[in-house]
Amino acid sequence: MSEGSRVLVVDDEPQIVRGVRVVLRNAGFRVDTAGTVAEALDALAVRPPDVMVLDLVLPDGTGVDVLRELRRYSALPVLVLSALGDERQKIRALDEGADDYVTKPFAAGELSARLRALLRRAGEGTGDPVIEAGDVRIDLGLRRVTKAGHEVHLTPIEFDLVRVLSLHRGKLLTHRQLLTEVWGPAYERETQLLRVHVAHIRGKLEDDPASPRLLITEPGVGYRLVA
């Protein structure tokens with residue numbers, strides 16, 4: 001829930017900061033702000049928030065600099081704000097530990113909804129052995145997947161891919177993250193291999209594989225499991 005949760009907004013554009021502050025306060029969040037890498041790191045140390053909204057371009061460095069330092073000691077949920085055309089920076093930020101991103105200009109409802117989803121996932125943790133998404137049930141302990149009560153046969157690789165996505169449900173995972181986690185570092189550029197396996201999984205789990213509702217593509221970036 002967002003009620004009373006503290007958000008640290010890191011951005012050096014006054015208009016963006018004002019807009020984000022209004023949106024998030026209206027959604028029930030408490031909002032702190034920082035305009036530089038140094039201010040962000042100080043704020044994280046002195047008054048740790050529940051979630052952070054992070055711009056990628058800052059006067060004294062980048063959002064990736066903040067992420068790298070933060071991930072040395074914290075799993076704090078982080079949503080990146082990025083400008084259109086910053087796709088390579090988005091992917092880099094996600095690979096460095098960001099949990100999600102929203103592109104400027106953003107919709108107010110989407111921003112607050114994404115933050116609520118990050119907070120829910122952080123509160124749930126990732127140890128739940130059974131995950132449900134619609135009529136799909138994923139038992140991580142038994143390595144068993146059912147759809148509408150009927151068992152679905154997944155190959156070992158397909159199950160490992162579903163397992164990784166399930167453990168990070170709601171989170172956008174890059175092609176590189178998925179390939180490295182499931183196949184290993186030597187496969188981090190084999191995006192076509194990943195696409196083929198995702199297509200096979202959709203054929204088994206989605207009601208309409210051509211219009212997926214469970215395993216969502218973020219074009220050019222990666223995939224997320226909606227649960």
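The values are calculated or read from the model by the stated rules, or taken from the named source; none is laboratory data. Model, not experiment: these values are computed from the prediction. Every residue, glycine as well, gets a Cβ built from its backbone with ideal geometry; the counts of neighbours run over all protein chains shown. Accessible surface areas use protein heavy atoms only, side chains included; no ligands, DNA or RNA. Shrake-Rupley method; radii C 1.70, N 1.55, O 1.52, S 1.80 Å.
At 7 Å along the Cα-to-beta-carbon direction for both residue 26 and residue 207, put a label point, then send me their distance in nm to one decimal.
The modelled label-to-label distance comes out at 3.2 nm.
Could you give log10 I(q)/I(0) at q = 0.09, 0.15, 0.16 Å⁻¹ for the chain, computed by the Debye formula over C-alpha point scatterers of equal weight, without solvent?
Log10 of I(q)/I(0), two decimals: -0.39, -1.01, -1.12.
Could you tell me which of 117, 131, 198 has its Cα farthest along the dipole of the chain towards the positive end, charges placed at Cβ (Lys, Arg +1; Asp, Glu -1), taken about the Cα centre?
Of 117, 131, 198, it is 131.
Take every Cα-Cα pair in region 40-125 and report what % of them are more than 16 Å apart.
Numbers: 1870 of 3655 pairs.
Above the 16 Å cut-off, region 40-125 has 51 percent of its Cα pairs.
If you project the alpha carbons of region 1-51 onto the principal axes, what extent comes out on each, in Å, largest first?
Taking max minus min along each principal axis of the Cα atoms, region 1-51 gives 28, 24, 10 Å.
Using the Kirkwood radius built from alpha carbon pairs, what does the Stokes-Einstein equation give as D for region 188-227 at 20 °C and 1.002 mPa s, in µm² per second?
The diffusion coefficient I find is 203 µm²/s.
Give me the percent of accessible area attributable to carbon and sulfur for the chain, probe 1.4 angstrom.
Using a 1.4 Å probe with all protein chains present, the chain comes out at 51 percent carbon and sulfur.
Under unit Cβ charges (Lys, Arg +1; Asp, Glu -1), what dipole magnitude, rounded to 20 debye, does region 1-97 have relative to its Cα centre?
280
So how strong a dipole does the chain carry about its Cα centre when Lys and Arg Cβ are +1 and Asp and Glu Cβ are -1, to the nearest 20 debye?
With only Lys, Arg, Asp and Glu charged at Cβ, the dipole is about 340 debye.
Across every pair of different alpha-carbon atoms, what Kirkwood hydrodynamic radius in Å does region 35-89 reach?
Hydrodynamic radius (Kirkwood, Cα only) of region 35-89 equals 11.6 Å.
Using only Cα atoms, tell me the angle between helix 14-26 and the longest principal axis of the chain; keep it within 0 to 90° and round to the nearest 10.
60
Using a 1.4 Å probe, what is the accessible area per residue for the chain, in Å²? Before the final figure, lay out each step's value.
On the way: 11200 Å² over 227 residues.
Counting only protein heavy atoms, the per-residue value for the chain is 49 Å².
Once the dipole of the chain is set up with Lys and Arg at +1 and Asp and Glu at -1 on Cβ about the Cα centre, which of 148, 40, 178 lies farthest towards its positive end?
Going by the charge dipole, the pick is 148.
If you wrap a convex hull around the Cα atoms of region 99-227, how much volume per residue is inside, in Å³?
Spread over its residues, the Cα hull of region 99-227 gives 117 Å³ apiece.
Write down the Kirkwood hydrodynamic radius of region 80-119, to one decimal in angstroms, obtained as one divided by the mean of 1/r over all alpha carbon pairs.
10.5
Could I have the simple spin-label model distance between residue 193 and residue 36, label points 7 Å from Cα toward Cβ, reported in nm to one decimal?
4.5
What relative contact order, as a whole-number percentage, does the chain give when Cα pairs under 8 Å and 6 or more residues apart are counted? Show your work: numbers first, answer last.
Values: 355 pairs, mean separation 31.9, N = 227.
For the chain, the relative contact order is 14 percent.
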